[in-house]
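Here the structure comes first, spelled out in structure tokens, and everything after it is commentary.
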């Protein structure tokens, strides 16, 4: 079967927007630098498959993410499809300057829900990270940009264990109060489970302005996404073919794979505007360029070897 | 984090029984024959980790499943823990004879929900498969055995596409009417999605006597399991480390991995009686014997390299 059977379930949104993070979050940990032409083709393929939001790159310092050192070059050569948003990650004011120079219309900032990760990833405290965000968001809004905010480590972090829900809500509310139009709640290490997802969304007072960003490190990403949809969330981050996350373990996945999410959504009769065969084809194309198979189950089932029939997989 | 944080969700069972299929369904497609001592240790480790139902082997003809040709030998050497059930798959009357000879107290039979798979796997029609099951179940019950029934291809098959829900219910009801105590509804090729799961359970009139058996071929197994739990199902089939299913693709998984399921259930505060670190240790031990890593995300995150810290996985 190349497409799921459609059987509606009660209590789910009619339509979901997939916020595609493959070109940025998916590629950022790749050791071998990918040519800018390949990145531009990747972004073009995603738009052609129906994506309407594609996070294209990041203006983080090249010392920290060498893979995305070509951000300006990519934005210069990248084809833009009318109606498609191409947000860019911006860590600080210097990044914002560069985004403004290159005509970016939407940015994303990256906050931490825990003290330790704020220190390690941002070199700030939980409190002082806002001193970095405030001028970025204020200036971006003054220039007419839209600003999205990621909150990382919303479910736990490797040093502190589980993250208190109230702490996530406190960080998230401050970002919304700065003027961010959307919060992406990140389970950066993939430890969350469905009850925790519901508790967090309910602690925010409901799904308004919330998106979810699950990593599949413990295999929970799709079950958690289903739970978020039942709570009313309609924006879900995902990465082409499940790339990103854990570069040290070939078989480990990072982000929720877009194709696995689309299989579920289309099976549930939820509209995405996406063409699944095109997504699978792009992941197969990208896997060849990255030199290893996609961690997406759907891509493994449908994409890697077109001559293989699923009939070979018929034993119980 | 070695264990999930516990956050209850409404509308879920207090306790779930995991029906462990690793020694039978998990191993049956392994090409290299595993020594019977390793199988016996595997079963003993599963019981020690808290499993109370372990499908130990199959009396299928060795021509079809050479890996399980040692079924009688395994039953002879296998340690049995009081209170633990060790069902054995029995395809026909000859298999039942052997099960009775070896003191088996619970058997499982294996039916098809589709015409084509009945022909290919059982050499019967959808209708005539019951002529094979009737004497097996009747004789087993007369000897005081409990009989479980698998129904395969409940969501779709590779030849016919989606399986009509009414057809699954018809096959399943006939098996229950024969005297089977439990039906395991199998998504043999892993194509189902949550709305389909709900529709099928509701078509049976609710979860009574139903178990679910999901394969993760399209990444849907855990989301589908969560849905079945919300429908009231309390028995879930799973396989140690996710072994089984697709022997031709190293990275593809077959069965839902027990560890990924346990991570979700314990996170949800649902009791399983299982010790997660012991399960991970057993999967790591087994992976070394099978010569390749476990496809379970939890085992990959926690089990393969004890010196690796999750802090290395801290980037968003």
Subject >> Qualifying residues in region A:33-51 (those that are assigned to a loop (DSSP other than H, G, I, E, B) and either in contact with a strand residue (DSSP E or B) (Cβ under 6 Å, 6 or more places away or on another chain) or over 19 Å from residue A:259 (Cα atoms) (or both)) - the one modelled with the lowest pLDDT >> reply: A:33
Original post:
Which ones in region A:113-167 are surrounded by fewer than 21 Cβ atoms within 10 Å (Cβ to Cβ) and closer than 15 Å to residue B:1 by Cβ?
Top reply: A:116, A:158, A:159, A:160, A:161, A:162, A:164
Original post:
When you scan region A:92-111, how many residues do you find that are out of contact with any helix residue (DSSP H, G or I) (no Cβ under 8 Å at 6 or more places or on another chain) and assigned to a loop (DSSP other than H, G, I, E, B)?
Top reply: 1
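Based on what the data block shows, is residue A:245 surrounded by 21 or more Cβ atoms within 10 Å (Cβ to Cβ), under 19 Å from residue B:298 (Cβ atoms), in contact (Cβ under 8 Å) with a residue 60 or more places away in the chain and facing another protein chain (nearest Cβ under 8 Å)? Please lay out each step first, then the result.
Numbers: surrounded by 21 or more Cβ atoms within 10 Å (Cβ to Cβ): yes; under 19 Å from residue B:298 (Cβ atoms): yes; in contact (Cβ under 8 Å) with a residue 60 or more places away in the chain: yes; facing another protein chain (nearest Cβ under 8 Å): yes.
Yes; evaluated as a whole, the condition is true for this residue.
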Subject >> Selection from region A:1-16 of residues that are within 23 Å of residue A:295 (Cβ to Cβ) and more than 12 Å from chain B (Cβ to nearest Cβ) >> reply: A:16
**OP:** Spot the failing condition for residue A:37; the list is (1) under 19 Å from the mean Cα position of the chain (by Cα); (2) away from every other protein chain (no Cβ under 14 Å), and only one is missed.
**Re:** (1)
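Can you find even one residue in region B:217-224 that is within 11 Å of chain A (Cβ to nearest Cβ), in contact (Cβ under 8 Å) with a residue 40 or more places away in the chain, farther than 21 Å from residue A:197 by Cβ and not in a helix (DSSP H, G or I)?
No; the residues of region B:217-224 include none that is within 11 Å of chain A (Cβ to nearest Cβ), in contact (Cβ under 8 Å) with a residue 40 or more places away in the chain, farther than 21 Å from residue A:197 by Cβ and not in a helix (DSSP H, G or I).
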Original post:
Residues in region B:16-32 that are under 10 Å from the mean Cα position of the chain (by Cα) and not in a loop (DSSP other than H, G, I, E, B): how many?
Top reply: 8
Subject >> Scan of region A:52-72 for residues that are surrounded by fewer than 17 Cβ atoms within 10 Å (Cβ to Cβ) and assigned to a helix (DSSP H, G or I), ordered by number >> reply: A:66, A:72
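Using the structure shown, decide if residue A:225 is touching a strand residue (DSSP E or B) at 6+ places or on another chain (Cβ under 8 Å), within 20 Å of residue A:300 (Cβ to Cβ) and buried (at least 24 other Cβ atoms within 10 Å of the Cβ). Can you show your working first?
Details: touching a strand residue (DSSP E or B) at 6+ places or on another chain (Cβ under 8 Å): yes; within 20 Å of residue A:300 (Cβ to Cβ): yes; buried (at least 24 other Cβ atoms within 10 Å of the Cβ): yes.
When the stated conditions are applied, residue A:225 passes them.
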**OP:** Tell me, yes or no, whether region B:73-83 has at least one residue that is touching a strand residue (DSSP E or B) at 6+ places or on another chain (Cβ under 7 Å), in contact (Cβ under 8 Å) with a residue 24 or more places away in the chain and buried (at least 24 other Cβ atoms within 10 Å of the Cβ).
**Re:** no
Original post:
If you go through region B:22-72, how many residues are free of Cβ contacts under 8 Å to residues at least 12 places away in the same chain and within 18 Å of residue B:278 (Cβ to Cβ)?
Top reply: 1
Subject >> Index of the failed condition, residue B:29 passing every other in (1) in contact with a strand residue (DSSP E or B) (Cβ under 8 Å, 6 or more places away or on another chain); (2) within 14 Å of chain A (Cβ to nearest Cβ); (3) closer than 20 Å to residue B:214 by Cα >> reply: (1)
Original post:
Can you pull out the residues in region A:269-299 that are closer than 22 Å to residue A:17 by Cβ and part of a loop (DSSP other than H, G, I, E, B)?
Top reply: A:269, A:270, A:272, A:273, A:274, A:275, A:296
**OP:** Could you tell me which residue of region A:279-305 is modelled with the lowest pLDDT, considering only residues that are within 11 Å of chain B (Cβ to nearest Cβ) and out of contact with any helix residue (DSSP H, G or I) (no Cβ under 9 Å at 6 or more places or on another chain)?
**Re:** A:305
Subject >> Sole residue being touching a helix residue (DSSP H, G or I) at 6+ places or on another chain (Cβ under 6 Å) and modelled with pLDDT of 95 or more, chosen from B:274, B:265 >> reply: B:274
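The values are calculated or read from the model by the stated rules, or taken from the named source; none is laboratory data. All figures in this text were calculated on a predicted structure; none of them were measured in a lab. Cβ: placed from backbone, ideal geometry, glycine included. Neighbour counts: every protein chain shown.
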